[in-house]
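Below is one structure, written out as structure tokens; the observations come after it.
The values are calculated or read from the model by the stated rules, or taken from the named source; none is laboratory data. Just so it is clear, the structure is predicted and the values come from calculations on it, not from any experiment. Here the Cβ positions follow ideal geometry from the backbone for every residue, glycine too, while neighbour counts run over all protein chains shown. Just so you know, the surface numbers come from the protein's heavy atoms only, side chains and all, with ligands and any DNA or RNA stripped out. Shrake-Rupley method; radii C 1.70, N 1.55, O 1.52, S 1.80 Å.
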Amino acid sequence: MSARDLDSKNSRLKEIAALFFKLGSISFGGPAAHIAMMEDEVVKKRGWMTQQHFLDVMGATNLIPGPNSTEMTMHCGYERAGWKGLLVAGCCFILPAVIITGVFAWLYQEYGQLPAVEPYIYGIKPAVIAIIAMAAYRLGTKAFKSTELWILGLATLAACLLGLNEILALFGCGGLGLLLYFFKKPGKTLHSIMPLLFLQGIGMAKMDTWHIFLTFLKIGAILYGSGYVLFAFLDAELVTQGWLTRQALIDAVAVGQFTPGPVLSTATFIGWQMNGIWGALAATLGIFLPSFIFVAILNPMIPKMRASKIMGAFLDAVNVAAVAVIIAVCVSMGKETLTDWRTVVIAMASLVLVFVFKKLNSAFIVLGGALLGYLLMLL
């Protein structure tokens, strides 16, 4: 390898590290918001992948266990700089949340309560809603390619708004997409898709560092759905077994809500309560390690899936379902967040900014929302 090639690879890794560390530091609002920011940075601003490939990656990521937005960072890093890019992107996105959560975990262990941070993030969620809406618009223009996909997408959106589980909606829409394909193309052979699940047999003995790692490894390997599914697993694995108090779990949920980055950094907080810094490190490594493995296996398969007409039909349906889920998340966040005139003003101002000034970095939207929220609370 020449010195020029080596410099080029190193510069790409530095670029990946800087981008995803920034996103990990400012990405409030959950997976939909994280993916919206990634789409803006990776597709629109940098052109690391096409809109269609980003959609395919997003759809495929929804079909494997683990935190979707964190896995998306790994895919983006892989596209830019191979397996080293995968590792750098994932670690840099996770790191800010783990550090912030670790600080909160130490404060909680020392003083028995969490610092009051709500006034400082009051305006962030309304601003994030605008970022999600813009991403849903851009991704939707690419995903909704036919009348059938429009029908599937709208049906999925309605089902999600009525309370259907997101994973059921994604797989259900994908299955309907396959049925439509075979209805239009009779005589083909249907190939089944089996989800990858393992480590179901891991149990807990003494909750030392090793068993903390194994417990969170198991959760990371079988976790589908939102962060609230994670909390249900934690309740079953830790609270009911007497390893963690329910109040500590509730406080861990709070930390996951007001820190940026992946909500799975909650594992850092819980691991710290169970066995200090070593417990935090073990829990963090355990819950995120399966995602690195799944993405490394899945990423090379995505182009082959797109090339297959059968799997292409499945991906198209899953893609519109993924956009529908993002819209449903946006609607739900709006109902929870837009509760007074201040939050409405912040959301409207953010919408104007993202749709009029399309080149504006999403980081400025988040920081502007925080500043405007703080100022409006002084009135």
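Give segment 316-331 a look and list any residue that's surrounded by fewer than 24 Cβ atoms within 10 Å (Cβ to Cβ) and over 16 Å from the mean Cα position of the chain (by Cα), or say none.
Result: Val331, single match.
If Pro260 passes every condition in (1) assigned to a helix (DSSP H, G or I); (2) open to solvent by less than 10 Å² (accessible area, probe 1.4 Å) but one, which one does it miss?
Failing condition for Pro260: (1).
Applying the selection to segment 17-33, what residues are touching a Gly at 6+ places or on another chain (Cβ under 8 Å) and closer than 17 Å to Val255 by Cβ?
Gly24, Ser25, Ser27, Gly30 - these are the residues of segment 17-33 that are touching a Gly at 6+ places or on another chain (Cβ under 8 Å) and closer than 17 Å to Val255 by Cβ.
Those residues that are in a helix (DSSP H, G or I) and open to solvent by 10 Å² or more (accessible area, probe 1.4 Å), I need them from segment 42-73; list them, please.
Correct list: Val43, Lys44, Lys45, Gln51, Gln52, His53, Asn68.
Take the residues in segment 29-39 that are at pLDDT below 90 and open to solvent by less than 30 Å² (accessible area, probe 1.4 Å); name whichever of them is nearest to Ala328 (Cα to Cα).
Ala32
Checking the conditions here, which among Gly286, Gly373, Gly334, Gly312 is of a type outside the set (Val, Ile, Thr), open to solvent by less than 40 Å² (accessible area, probe 1.4 Å) and free of Cβ contacts under 8 Å to residues at least 24 places away in the same chain?
Going through Gly286, Gly373, Gly334, Gly312 in turn, the sole match is Gly312.
Could you please find all residues in segment 289-309 being open to solvent by less than 10 Å² (accessible area, probe 1.4 Å) and more than 18 Å from the chain's Cα centre (by Cα)?
Matches in segment 289-309: Ile302 only.
Would you check which residues across segment 119-132 are assigned to a helix (DSSP H, G or I) and surrounded by 23 or more Cβ atoms within 10 Å (Cβ to Cβ) and list them?
If the condition is that a residue be assigned to a helix (DSSP H, G or I) and surrounded by 23 or more Cβ atoms within 10 Å (Cβ to Cβ), then Ile124, Lys125, Pro126, Ala127, Val128, Ile129, Ala130, Ile131, Ile132 are the ones that fit.
Inside segment 137-152, can you point out the residues that are closer than 17 Å to Val329 by Cα and surrounded by 23 or more Cβ atoms within 10 Å (Cβ to Cβ)?
Matches in segment 137-152: Leu139 only.
Across segment 337-367, what is the total count of residues that are of a type outside the set (A, V, I, L, M) and surrounded by fewer than 16 Cβ atoms within 10 Å (Cβ to Cβ)?
So the count comes out to 9.
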